[in-house]
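Report on the following structure.
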Amino acid sequence: MEFLATRRCLKYICFFVFAVSCPSIKNILLLDSEGKRVAVKYFSDDWPTNSSKLAFEKFVFTKTLKTNARTEAEITLLENNIIIYKFAQDLHFFVTGSDDENEIVLASVLQGFFDAVTLLLRNNVDKREALENLDLILLCLDEIVDGGMILETNGPLIAEKVTSHTIDADSSLSEQTLTQAWATAREHLTRTLLK
Amino acid sequence: MAQQLVKKDDDRDDEAEYSPFMGIEKGAVLQEARVFNDPQLDARRCSQVITKLLYLLNQGETFTKTEATEVFFAVTKLFQSKDMGLRRMVYLMIKEISPSADEVIIVTSSLMKDMNSKIDMYRANAIRVLCRITDGTLLAQIERYLKQAIVDKNPVVASAALVSGIHLLQTNPEIVKRWSNEVQEAVQSRAALVQFHALGLLHQIRQNDRLAVSKLVTSLTRGTVRSPLAQCLLIRYTSQVIRESGNNTQPGDRPFYDYLESCLRHKSEMVIFEAARAITELNGVTTRELTPAITVLQLFLSSSKPVLRFAAVRTLNKVAMTHPTSVTNCNIDMESLISDQNRSIATLAITTLLKTGNESSVDRLMKQITNFMSDIADEFKIVVVEAIRSLCQKFPLKYRSLMNFLSNILREEGGFEYKKAIVDSIVILIREIPDAKETGLLHLCEFIEDCEFTYLSTQILHFLGIEGPKTSDPSRYIRFVYNRVHLENATVRAGAVSTLAKFGAAVDELKPRVFVLLRRCLFDSDDEVRDRATLYLNTLGGDGSVVETDKAVKDFLFGTFDIPLVNLETSLKNYVPSEEAFDIDSVPKEVKSQPLAEKKAPGKKPTGLGAPPSGPPSTADSYQRVLSSIPEFANFGNLFKSSEPVELTEAETEYAVNVVKHIFDRHVVFQYNCTNTIPEQLLENVIVIVDNSEADEFSEVFSRPLKSLPYDSPGQIFVAFEKPEGVPTLGKFSNVLKFIVREVDPATGEADDDGVEDEYQLEDLDIVSADYTLKVGVSNFRNAWESIGPDYEREDEYGLGPRESLAEAVNTVINLLGLQPCEGTEVVPPNSRSHTCLLSGVFIGNIKVLVRLSFGLDGPKDVAMKLTVRSEDETVSDAIHEIVASG
């Protein structure tokens, strides 16, 4: 046990010290149907150079290419990383975390990212639309995770934070409760449908 | 790079794939960035340019230092604009560029203004940007605002401050720790994510204070934590508290277990899973504690979401390693997962089933696996092969179907790693299951007939050479081996020649026929192959009449080579060509231990004057060199072992002394490494007075004092003792450092003429049994164990009393014996109730020792141990037992 504990600590020290206890995200990737970058964000220094990042993206892309991740998010374990992914048209969404991370937490981040992008692109989730609204996608990445820490996982809330150029204290509160209500209702509905 | 992109796009005109960034080029975009300087800012256009810059960065383009600085200064101008969308992009850009310290000052005031803005979005973002780029000095200025922000009523602002706090804690812990009160208040927040971030930060602040963490957990597990993410954190902290207090309680009566169990009924899946996982990872978890967790995981197995199925099956797979019976209830659900679309899930399900399955289900499982092997990736296949290997070790009677399976997949396509895993598995099965030997060897023979991997071919040939001659009909393998000589590359051919020779040496009936084949190899096109054939023909007597091959030749040709190659290499490098032939026995056998100690304590190094001697030459061969330079030690013979330096003084004392014990057959030499840490003193005629009244079997024969010991330049004193030959004589020595002190003027460096005699008490020194054992590893413990034979085997049982953990007990015994753990057996898996540890080494007098330790937990904490020793000498076997009995 002691050995395991040290191994775990060592691994994290080179990554994020807080990861000993907080769930953390290593990267979020948005690739196109050929595995090229649309937008990516790395939070860990597991991939220090651009070429190592590209190699990782290519590896993940080819390993997941043949799977059907269009209705439900799929998951795999590659090189000691958990990768949760989902495809929509010609876009491939990925979230990576370390292999002792809670898979469902990682999945909630992917879902939040996916939902937010869907809202921001007004349901036209494809590469062209994403590139035309790249500013929104980048802001969206910025609002989901900050330096590896999960900021928000609720898609509609993320989308709102990205687009709301006019929030002030009062309206945001009421607006937020509305969106939250909508989100809860939606979640509830999906759950009942799935059962 | 951008240039290339453009070209590529031009080439594929026909595809007409539209992209707003088509033909984008860094130089042009940097030109465009001039709009940032316009007096009348066009917010929309500026946003577009920033997006383009961010696109370039995101694609991996880099800016030079000047480019980055220019862009940064231009971007700071944009704070003039009141456009919110543009401001967001400015924040993003600043974070992306990560300006240097002197540049940060430019934006600080703008960001601080935004931090106090009425607009929440500005506040939240400005906090995140500022904290990202700031350094410690600035932080003190903005601390007040950050504290306010933590308790801000807008959750986005509060979260921004809390998350920034978590990052800042790494660089400026003392500042962030002052925010405890605010953070504590934020933990009570109604906003879900604020609670999560606050809890994360609060725990980080207190993580080194066990009591505080325990209190935090106690209070929160009673209250209501709303956010699922915060709940997950709380579960992690709870299991941390359980882990740390775990040693004092009986299993089954665990604090907080009820809390974990209640989380299994939470409405959020991530909380349920986190709790289930936490329970399965509890130290020494009982079946009763496991059951509710397994039940919820079982429900996940039939979820429609792949993520849930994966999470559950992965956790159950881990549980199956320690508690296979607890997982058997899930077998039906698990079997349906074998055909899961997601191959990761299917593989995990298979391997779990292989771990939990019983003997009767093996055949059915193998059939299912065969169907599915063809469409999974190599890395999963390796996992399956490894699971099958362990299954076979569990059910030796089933070896037939498992061996068949392995040989079938061995014939199919596959990469090197995969094939290697299969071959390794077959080799292990051959070693462990005698019945499987002949079929296994034939499968391997068939495989090398058509094997594209040189490494595997040579490994198999080597293995055939060892195992083949021991079978009922060794001649049937000769054909396969000799075919290699015809068909393969030089490396494999050379391997095949050695294998043939081994058959010849071991089986006398085959000898004449092997010689015929070996003689043919004399005409090979490769030097190495010819040389080997010649060597074997000569040593085995193939040139003339058939003679009985004697044992010495066999040992020379095929015996184990127990000298570490690194040591051999250094010795050969040091060897000066001369009349005297190179003596392989002079090569030290001690395995150099990794300099772990140095790595472990980089922060502990004392600073300033008290620095300990900066390591006298520490490796064995440099000791040998130092000792051989002293004529008095010349007749002591070969150095058997040098210990690690033992400190005889506290750190930061006037004189730092450590000692290295050099053990010879009939002598012991103490090498005292002394350092004078007082600049105002010069020590002369330094000697160590050693009192051996508690070590009466030793008698002092020689002492070499140190003429002078100036400040901060280490010197060595040697004291030699005679002791009975080849016996592990123990004793305790007390040491006093005696010297003449002369005052030194630090300014001029000149010493006073008059010296004063003085002495300095050092700590005692022990010669322990471990000093007489050398850590020498063996590559294959089982083979070594069998070859040494049971003639001088000694076995006994010991009770080690209550111990902190099994691992601690194992380590203590290893250190006591001073032997080399083999095959990674020094590592005790968590939660295990028993453990076997294999040790090997050489005892003084060059006697090989192998030790097998079986540990078991007897009651909650008492550790019992069975110790079996095999060695080449009866007295040594007894001596090992004495070490343990007296230790």
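The values are calculated or read from the model by the stated rules, or taken from the named source; none is laboratory data. All values derive from a computational prediction rather than experimental measurement. When we count neighbours, we look across all protein chains shown, and the Cβ atoms used for this are built from the backbone with ideal geometry, even at glycine.
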Lone qualifier among B:SER344, B:SER336 - being among the polar types (S, T, N, Q) and facing chain A (nearest Cβ under 10 Å): B:SER344
Which listed residue, of B:ILE50, B:ILE94, B:ILE106, is under 40 Å from the mean Cα position of the chain (by Cα) and among the aliphatic types (A, V, I, L, M): B:ILE94
1 or more residues more than 30 Å from B:GLY415 (Cα to Cα): qualifying helices (runs of 4 or more DSSP H) within the range B:448-532: B:475-487, B:490-506, B:511-521
Residue within the range B:482-500 that is in contact with a Gly (Cβ under 7 Å, 6 or more places away or on another chain) and surrounded by fewer than 19 Cβ atoms within 10 Å (Cβ to Cβ) present: no
Filter pass, B:GLU289 being of a type in the set (Asp, Glu), within 13 Å of another protein chain (Cβ to nearest Cβ) and free of Cβ contacts under 8 Å to residues at least 60 places away in the same chain: no
Residue match in the range B:788-796 (condition: surrounded by fewer than 21 Cβ atoms within 10 Å (Cβ to Cβ), at pLDDT 80 or above, of a type outside the set (Gly, Ala, Ser) and under 28 Å from the mean Cα position of the chain (by Cα)): no
Filter pass, B:LYS95 being out of contact with any Gly (no Cβ under 9 Å at 6 or more places or on another chain), at the interface with chain A (Cβ under 9 Å from one of its Cβ atoms) and either within 17 Å of B:VAL71 (Cβ to Cβ) or among the β-branched types (Val, Ile, Thr) (or both): yes
Test: residue in the range B:351-364 that is of a type in the set (Val, Ile, Thr), more than 26 Å from B:ARG833 (Cβ to Cβ) and at pLDDT 80 or above: no
Count of the range B:618-641 residues which are in contact (Cβ under 8 Å) with a residue 24 or more places away in the chain and under 33 Å from the mean Cα position of the chain (by Cα): 9
Some residue of the range B:417-426 being β-branched (Val, Ile, Thr) and touching a Gly at 6+ places or on another chain (Cβ under 6 Å): yes
Close pairs from the range B:49-63: first at the interface with chain A (Cβ under 9 Å from one of its Cβ atoms), partner outside any helix (DSSP H, G or I) and crowded, with 20+ Cβ neighbours inside 10 Å, Cβ under 6 Å, at least 6 apart: B:ASN58/A:ALA39
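Conditions (1) touching a Cys at 6+ places or on another chain (Cβ under 6 Å); (2) part of a helix (DSSP H, G or I); (3) within 24 Å of A:VAL145 (Cα to Cα), marked per residue:
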{"residue": "B:PHE79", "(1), (2), (3)": "no, yes, no"}
{"residue": "B:ARG87", "(1), (2), (3)": "no, yes, yes"}
{"residue": "B:PRO99", "(1), (2), (3)": "no, no, yes"}
{"residue": "B:VAL107", "(1), (2), (3)": "no, yes, yes"}
Leading residue by the ranking (farthest from the other protein chains (Cβ to nearest Cβ)) among those in the range A:41-64 that are part of a loop (DSSP other than H, G, I, E, B) and touching a residue at least 12 places away in the same chain (Cβ under 8 Å): A:ASP46
Within the range B:301-350, helices (runs of 4 or more DSSP H) holding 3 or more residues that are among the β-branched types (Val, Ile, Thr), out of contact with any Asp or Glu (no Cβ under 8 Å at 6 or more places or on another chain) and at pLDDT 85 or above: B:306-322
Tally of residues being in a helix (DSSP H, G or I) and surrounded by fewer than 20 Cβ atoms within 10 Å (Cβ to Cβ) across the range B:143-166: 5
Lone unmet requirement of (1) under 30 Å from A:ALA159 (Cβ atoms); (2) more than 14 Å from chain A (Cβ to nearest Cβ) for B:ILE106: (1)
The listed residue being among the aliphatic types (A, V, I, L, M), in contact with a helix residue (DSSP H, G or I) (Cβ under 8 Å, 6 or more places away or on another chain) and either surrounded by fewer than 14 Cβ atoms within 10 Å (Cβ to Cβ) or over 27 Å from B:PHE636 (Cα atoms) (or both), out of B:ALA751, B:ALA720, B:ALA747, B:ALA656: B:ALA656
Qualifying residue in the range B:431-441 (condition: touching a residue at least 24 places away in the same chain (Cβ under 8 Å), outside any helix (DSSP H, G or I) and closer than 17 Å to B:ASN780 by Cβ): yes
Test set (1) out of contact with any strand residue (DSSP E or B) (no Cβ under 6 Å at 6 or more places or on another chain); (2) away from chain A (no Cβ under 14 Å); (3) in contact (Cβ under 8 Å) with a residue 40 or more places away in the chain - B:LEU819 fails condition number: (1)
